Structure formats: C-alpha cells, structure tokens
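Visitor: Submitted below is the structure of interest, expressed as structure tokens.
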Amino acid sequence: MKTICVCTSVHRAWDVRIFEKEILTLLKRHRVIYVAPETDSQPPRIPAGLTYIPLKKTHNRLLRFFRVLFVFRQLFSLRDQVVSYHVHDPELSIALAALKILTGKYCIYDVHENHSAAIRDRFWIPLFLRRLFSAAFSIIEKICTPFFDAVVCVSDEIAQLYPNTDKIVLPNYPSKMHYHSIPRFDQKKPYILLAGGLTRVRGVLPAVQAFVMAKLPEEFQLILLGWFESEDLKRTILKILADSDKKNRYQYIPFVPYRESLRYVKESAIGIIPYLDYLNHRFGIPTKIFEFMAAGTPIIYNNLPNYRRLLEPYQLGLSVDCSDIIAISKAMEKLAHNPLRRQKIGEQARQLFLTKFNWEQQENVLLNLYEFPSRCCVFSKVVSCDD
C-alpha cells in the first residue's frame, strides 16, 4: 500500500472533486496525506488511511502566489513518507517541479481549467496585469510541465493544451453515492435553479433578466444558490428581482455545504447553466451539467461548441445564446409550459448518468495512474458524438 500526498492551497478542504471523488477513490488502495487549507467544518466522513495537515488560510488573492515557498517546505518535509505528490493548484506547479528535481518522487499535476484563459477573465485584476499574468503563467507552466510524470485534465479540450505530456482525462462526473435516489418527476418542485458561482462571466445577469421577462406559470420560482463575486453584483441582481413583478417568486440562498445543495439540484424542475462565451468556458464542461443530468433535470445552456458536442446528441435540454435575454426567456417558457417534454428529457438524462456519465466509471482511470505509471498516457474521453 502506497502513501500519496495530495495538496491544494486554495480549494476548500472538502472540495467535491479533490476530496469526495479523487481522495476517497485513492483510499480504496492507498494511504493519503492531505495538505489543504484549514477549516472549521468536518468532512462528511473520516475515512481510514487519511491524514489531514491543515494550511493557514490566505484571503488575499494576490498573496496566493507568495505562499508557494511555505507550501513547498511543507510538502518537502513529507518526502520520506510518500511515494507521490498530487497537486491541484496552478501556482503550485513551480513547487511540484522543484519536488520532482529534489526528491525524484512521482509527481502529478491536476488541471481543473485553462488557467491562462481563466486569468484573462478575472475582472478584479486590472486589464494590463491580466495579460501580463496570463502570459507569465503560460511561460512558467511550459517550463514546469516537462518535470511532471503525468497531468490529470478535466476535459479533452484541456488535455490538448499539454501535447507532449503523459496525461489522463478525468471528467467531473457526479458519484452514484450522491445521486442513488432522486424525486419522481411528479415530486419535482417548480424551481428554475441557477447554482454555483454567481458571477458576470457565468451569466447570472442575463439569466435573471430573462426570468423577469419570461411568461411562466405562476408557481415557477427562480432559485439563486451560491456566492456572488461582489457585493455590487449582488445588489444589482437582487434589485432587479425586487423591482419586478416577480419580486415574490425568487429565493436567494447563500453558499451551503455540497450535500445540502444536492437537494435543490434534485428537486428543481429546470436547471440553467448560462456561462457566457469566454475563452476559459470553451475548455471544459461545467460540473452542474452532469449534476443536473444525474438528477434527471432538463437544462438550458449556452450554445458553446464543447457544450453542444456533449448534449445535443442526447437532446438533454435547450441550447441558446446566453447573452440574448429574449432567447433565454423563450427557453424558460418552453420547458416550464411543457411538463411532458421535461419528463422525457429528465428520464433520458438520468439513464445516461447511471450507465455512462458517473464517477464510478472513472475510478479505475485514476487508480491505474498509480498502478501502471507507464500507461498514464491513455485517454478517457469526456464525450464522443459517435458513442
């Protein structure tokens, strides 16, 4: 039994992908030392074989990059206890390359998004600095990547950014453990759910404006579940709703623990994923798409090429231009007024989740990365229109 060090310096300690999926999977065959930000919350369950080492939190976004030395020292101190390092943050790429050089351990870099593109979409950074940081990160990553034994990518589009590197694609499919049961169709509530990061680039503004405009059955409500990127945006969104004729037909629910949020995903009649056409959104598939699929919930989504490749062959919802308020409102009306269509889409989505798009189908891909390192260049496809 091997001991693997998994590290994140930014994500919440009990992050769904890192802890609930990857770490719990690795613990089936290995021990794990988990280095992650300190937290007051407890994990849903304390698994055997896990050692948790908390890191002091840093709330200043820019200071994240200056923590690398501290995190490196923490990881380096574990060198005699572990056979592998598996890190999840872009700023730790330098630390991971240094660990490879100094320890010779098996080093895995886990990529959740196109980091260079994501930096360009960070509006809290001044524009000229965004371009500078994005270019600098691309250079640093290209220098560091050859030192990694493998790269774990969340989508095929991201995997293509690492052409000369051993890699696997490990999509963010939900676990059957979390979706072993869902409400029957007639038990669904008349909710249109927008969940996750409530940000401008993720289309919260046009989605809310479309809800206000849409002619929906009286019982339908909008549920905003998650955190706003700024107080200004929060005030703007809530004012639009409060000043509309639907002021009594929405709920704003701040961030709740993952397992509690699942209740809203499972119960909602319609899901909406209005991510706007920014470069980073063309390199991955939002986890919420798969979660709505698992819940048997039809969705409204942007007509980005990577989303359409996944969803259109199965007709799991309505694809619209999510910068077009009228188009979104019409899509809401079509689904809200057609329960038979919602039921048909939901049943097909649920079946696809149970047979194909679930985490359990991916577990061996991750485990084999550690059992057969020389074979880690084998891809696990996120989507194929020929399937």
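Visitor: Compute the Rg to Rh ratio over the range 257-327 from the alpha carbon atoms, using the Kirkwood formula for Rh, and round to two decimal places.
Guide: On the way: Rg = 12.2 Å, Rh = 12.6 Å.
A ratio of 0.97.
Visitor: Would you calculate, for the chain, the mean residue ellipticity at 222 nm contributed by helices, counting each DSSP H stretch of 4 or more residues as -39,500 (n - 2.57) and dividing by all residues, to the nearest 500? Display every interim value, and only then the final one.
Guide: Values: 13 runs with 133 residues, N = 387.
Counting only the DSSP helices, I get -10000 deg cm²/dmol.
Visitor: Same structure again: Work out from phi, with θ = phi - 60° and the Karplus expression 6.51 cos²θ - 1.76 cosθ + 1.60, the ³J(HN,Hα) of each residue of the range 70-80, listed in order in whole Hz, and give x for Gly and Pro.
Guide: Result, ordered by residue: 4, 5, 4, 4, 5, 5, 4, 5, 9, 4, 7 Hz.
Visitor: Most fluctuating residue of LEU304, LEU170, LEU340 in a GNM of the chain with Cα springs under 10 Å: which is it?
Guide: LEU340
Visitor: Please give the direction-averaged projected area of the C-alpha convex hull for the chain, in square nanometres with one decimal.
Guide: The orientation-averaged projected area of the Cα hull of the chain comes to 18.5 nm².
Visitor: Report, by chain and number, residues whose modeled amide H sits under 5 Å from the one on LEU55, excluding near sequence neighbours (fewer than 5 apart, same chain).
Guide: It is ALA36, GLU38, by chain and number.
Visitor: To continue, here is another question. I'd like the Kirkwood hydrodynamic radius of the range 1-136, using the inverse of the mean 1/r over distinct C-alpha pairs, in Å.
Guide: With all distinct Cα pairs of the range 1-136 included, I get 15.7 Å.
Visitor: Pick out which of LEU194, LEU127, LEU366 has the largest mean-square fluctuation in a Gaussian network model of the chain, springs linking Cα atoms closer than 10 Å.
Guide: Among LEU194, LEU127, LEU366, the largest mean-square fluctuation in the Gaussian network model of the chain belongs to LEU127.
Visitor: Taking the Kirkwood radius as the inverse of the mean 1/r across Cα pairs, report the Rg/Rh of the range 176-242. Walk me through the numbers on the way to the answer.
Guide: Numbers: Rg = 14.2 Å, Rh = 13.6 Å.
Ratio value, two decimals: 1.04.
Visitor: Could you tell me the distance between the Cα centroids of the range 249-285 and the range 113-178, to the nearest Å?
Guide: Answer, in whole Å: 22.
Visitor: Could you give each residue of the range 162-177 its phi-based ³J(HN,Hα) in whole Hz, using Karplus coefficients 6.51, -1.76, 1.60 with θ = phi - 60°, and x for Gly or Pro?
Guide: Working through the residues one at a time gives 10, x, 10, 10, 5, 7, 10, 10, 10, x, 8, 5, x, 8, 4, 4 Hz.
Visitor: Report, ordered by chain and residue number, the lysines lying within cross-link reach of LYS330, taken as a straight Cα distance under 25 Å and ignoring same-chain residues fewer than 8 apart.
Guide: Candidates past the 8-residue exclusion: LYS188, LYS189, LYS215, LYS234, LYS239, LYS246, LYS247, LYS266, LYS288, LYS344.
Visitor: Hey, another quick one. Sequence gap at least 6, Cα distance under 8 Å: using those rules, report the relative contact order of the chain to the nearest whole percent. Intermediate values should be presented prior to the final figure.
Guide: Numbers: 655 pairs, mean separation 60.5, N = 387.
About 16 percent, as a whole number.
Visitor: If the reach is capped at under 16 angstrom between alpha carbons, list the lysines near LYS167, excluding any in the same chain fewer than eight residues apart.
Guide: LYS142, LYS381
Visitor: In whole Hz and in residue order, list the ³J(HN,Hα) couplings for the range 220-236 that follow from phi through the Karplus curve 6.51 cos²θ - 1.76 cosθ + 1.60, θ = phi - 60°; x for Gly and Pro.
Guide: Karplus values, whole Hz, x for Gly and Pro: 6, 10, 9, 10, 9, 10, x, 10, 7, 6, 7, 5, 4, 5, 4, 4, 4.
Visitor: Return the long-range amide H neighbours of LEU222 (sequence gap of 5 or more, or a different chain), with a cut-off of under 5 Å between placed amide H atoms.
Guide: Amide H neighbours of LEU222: ILE192, TYR250, GLN251.
Visitor: Only Cα pairs within less than 10 Å get springs; with that Gaussian network setup on the chain, which residue of ILE18, ILE101, ILE299 has the largest fluctuation?
Guide: Sorting by GNM fluctuation, first place goes to ILE101.
Visitor: Can I ask one more? Averaging sequence separations of C-alpha pairs under 8 Å and six or more residues apart, then dividing by the length of the range 185-355, give the relative contact order as a whole percent.
Guide: Details: 286 pairs, mean separation 46.5, N = 171.
Relative contact order for the range 185-355 comes out at 27 percent.
Visitor: How far is helix 258-267 tilted off the main Cα axis of the chain, in degrees rounded to 10, range 0 to 90?
Guide: Approximately 30 degrees, to the nearest ten.
Visitor: Please list, by residue number, every one of the GluC sites (Glu not before Pro) in the range 279-366 that is coil in DSSP and has at most 11 other beta-carbon atoms within 10 Å. Don't skip to the end; give the middle numbers.
Guide: Working: sites: GLU291, GLU333, GLU347, GLU360, GLU363; in loops: none.
Answer by residue number: there is no such site.
Visitor: Per residue, what volume in Å³ does the Cα convex hull of the range 185-355 take up? Present the calculation step by step, with values, prior to reporting the outcome.
Guide: Numbers: hull volume 18.4 nm³, N = 171.
Measuring per residue, one finds 107 Å³ for the Cα hull of the range 185-355.
Where a number appears in this text, it was derived from the coordinates with a stated rule and is not lab data. Predicted, not measured: the structure shown is a model, and the values here were computed from it. Every residue, glycine among them, receives a Cβ derived from its backbone with ideal geometry; neighbour counts consider all protein chains shown.
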